[in-house]
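Written below as structure tokens is the structure these notes are about.
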Amino acid sequence: MNIIKVGMADMNVACSPDVLRTVGLGSCVGVAIIDLSCKVAGLAHIMLPAAGRLDVENPAKYADTAVPLLVQKMQQQGACLNRMIAKLAGGAQMFTNLNQSDLIRVGPRNVEAVKTVLDQLRIPVRGEDTGGNAGRTIDFSAADGSLTIRTVAQGVKTI
Amino acid sequence: MAGRLFELDDFQLSVLREIGNIGAGHAATALSVLMQKHIEMNVPRVHVVSIQEIDEVIGGAEQLVVGVYLRVEGEIPGSMFLMLKMESANMLLQILTGSHQPVDSFSELEMSALMEVGNILAGSYLSAFSDFTKTNLHASVPAIAVDMAGALINAVLLHIGMYSDRALVVDTEFRQGSENVESHFFFVPDHGSVETIFKLLGVDFA
């Protein structure tokens with residue numbers, strides 16, 4: 001089993017028994033998608049809700065461009081769209097006493113944006129650990145689709 | 001602009017390092033006064049990093065740290081981020097309050113003391129920086145959190161992330177002799193701010 005790292009504003013695809021890991025999700029959202037019948041998994045570390053008029057130098061950064069691209073990469077590995085399920089983690093508000101701009105609410109907006117895209121692609125969300133004020137490190141297993149979430153204060157849980 | 005950040009020449013990098021030097025020098029002095037101990041600082045490092053690799057700059061994305069975040073407002077907007085290792089935060093509190101026991105979580109009063117430290121450091125850094133560039137700069141009210149370093153830097157990089165995949169980070173390390181006070185002070189200019197700095201200082205920036 002290998003652990004494949006996914007950086008901020010990055011994505012990766014893995015096959016069983018490998019594990020995809022992203023470390024220190026703050027307001028970013030980790031979108032984990034898997035086709036359990038062929039055990040092809042994908043993980044994206046999304047930073048912002050929508051590319052809009054801004055640069056799309058890196059489609060992995062935005063919810064609206066990252067999710068379709070991740071699905072496409074998984075399909076290239078043999079995954080099938082209508083068998084895919086998703087799990088989400090992240091979207092926290094790291095600095096609670098900060099509220100001068102919209103950017104600060106970016107965590108919840110990221111979660112919302114990811115769900116909208118998943119909904120359009122008809123990928124059901126089967127597990128979620130989002131919001132709150134804590135940073136998360138997640139491991140997504142391509143073997144069984146389990147998503148393990150580590151936080152500093154609340155320890156480890158698996159969804 | 002995003003591409004050009006990668007093409008800073010040695011002279012431009014040394015200008016940015018010098019700005020870090022002046023700002024951090026003042027901050028180190030302020031910290032020395034506050035702690036009544038001699039605080040040393042390293043020569044600032046200027047990194048141009050892709051946001052995917054920011055972990056390498058902060059050293060361990062999962063490490064528990066105290067982070068104080070401020071927005072720089074004015075002609076050269078950006079973000080400032082003070083990252084204290086837990087040992088350093090504990091040491092600081094011991095010096096400031098006289099009676100603190102090392103822990104992994106802090107009371108509201110302790111959090112506000114640490115926030116004030118960030119405020120003082122950022123304030124002295126910024127006043128030196130604004131004298132040097134002859135601009136008006138001020139810092140927002142600080143925000144504080146104790147969590148994974150990676151998750152905190154995540155939030156700090158949002159402003160840059162909207163425009164670019166690369167960030168310019170001026171990183172200064174503070175140390176207090178043999179004791180375990182280690183902290184980092186990051187200045188991350190917003191998209192376009194580097195251009196403004198060079199323009200104000202009359203440095204060519206094609």
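Taking the criterion of being outside any loop (DSSP other than H, G, I, E, B), closer than 17 Å to A:Met94 by Cα and touching a Phe, Trp or Tyr at 6+ places or on another chain (Cβ under 8 Å), the residues of the stretch B:119-154 that qualify are B:Ala143, B:Ile144, B:Ala145, B:Val146, B:Leu152, B:Ile153. Does B:Arg71 satisfy the condition of being out of contact with any Phe, Trp or Tyr (no Cβ under 8 Å at 6 or more places or on another chain), open to solvent by 50 Å² or more (accessible area, probe 1.4 Å), at pLDDT 80 or above and of a type in the set (Lys, Arg)? Judged against the criteria, B:Arg71 is not a match. Note on the stretch B:71-96: among residues that are in a loop (DSSP other than H, G, I, E, B) and of a type outside the set (A, V, I, L, M), the one that is farthest from B:Leu158 (Cα to Cα) is B:Glu75. Counting residues in the stretch A:144-154 that are closer than 26 Å to B:Leu158 by Cβ, open to solvent by less than 20 Å² (accessible area, probe 1.4 Å), within 14 Å of another protein chain (Cβ to nearest Cβ) and in contact (Cβ under 8 Å) with a residue 60 or more places away in the chain gives one or more. Yes or no: the stretch B:180-202 includes at least one residue that is open to solvent by 10 Å² or more (accessible area, probe 1.4 Å), more than 14 Å from chain A (Cβ to nearest Cβ), free of Cβ contacts under 8 Å to residues at least 24 places away in the same chain and more than 11 Å from B:Ser79 (Cα to Cα). Yes, that holds for at least one residue. Checking each residue of the stretch B:124-138 against the condition of being at pLDDT below 90, surrounded by fewer than 18 Cβ atoms within 10 Å (Cβ to Cβ), within 14 Å of another protein chain (Cβ to nearest Cβ) and more than 15 Å from B:Leu31 (Cβ to Cβ) gives at least one match. Checked against (1) within 14 Å of chain A (Cβ to nearest Cβ); (2) modelled with pLDDT under 85; (3) open to solvent by less than 30 Å² (accessible area, probe 1.4 Å), B:Gly59 passes all but a single condition, namely (3). Hey, any hits in the stretch A:102-115 for a residue that's within 14 Å of chain B (Cβ to nearest Cβ), basic (Lys, Arg), buried (at least 16 other Cβ atoms within 10 Å of the Cβ) and out of contact with any helix residue (DSSP H, G or I) (no Cβ under 6 Å at 6 or more places or on another chain)? Looking for residues that are within 14 Å of chain B (Cβ to nearest Cβ), basic (Lys, Arg), buried (at least 16 other Cβ atoms within 10 Å of the Cβ) and out of contact with any helix residue (DSSP H, G or I) (no Cβ under 6 Å at 6 or more places or on another chain), one finds at least one in the stretch A:102-115, hence yes. Tell me, yes or no, whether the stretch A:93-101 has at least one residue that is surrounded by fewer than 22 Cβ atoms within 10 Å (Cβ to Cβ), touching a helix residue (DSSP H, G or I) at 6+ places or on another chain (Cβ under 9 Å) and not in a loop (DSSP other than H, G, I, E, B). Looking through the stretch A:93-101, none of the residues is surrounded by fewer than 22 Cβ atoms within 10 Å (Cβ to Cβ), touching a helix residue (DSSP H, G or I) at 6+ places or on another chain (Cβ under 9 Å) and not in a loop (DSSP other than H, G, I, E, B).
Selection of the stretch A:70-87 for residues being open to solvent by less than 10 Å² (accessible area, probe 1.4 Å) and assigned to a strand (DSSP E or B) yields A:Met84, A:Ala86.
The values are calculated or read from the model by the stated rules, or taken from the named source; none is laboratory data. Because the structure is predicted, anything quoted here is derived from the model rather than measured. Methodologically, a virtual Cβ is constructed for each residue, glycine included, from the backbone with ideal geometry; neighbour enumeration extends over all protein chains shown. Accessible surface areas use protein heavy atoms only, side chains included; no ligands, DNA or RNA. Shrake-Rupley method; radii C 1.70, N 1.55, O 1.52, S 1.80 Å.
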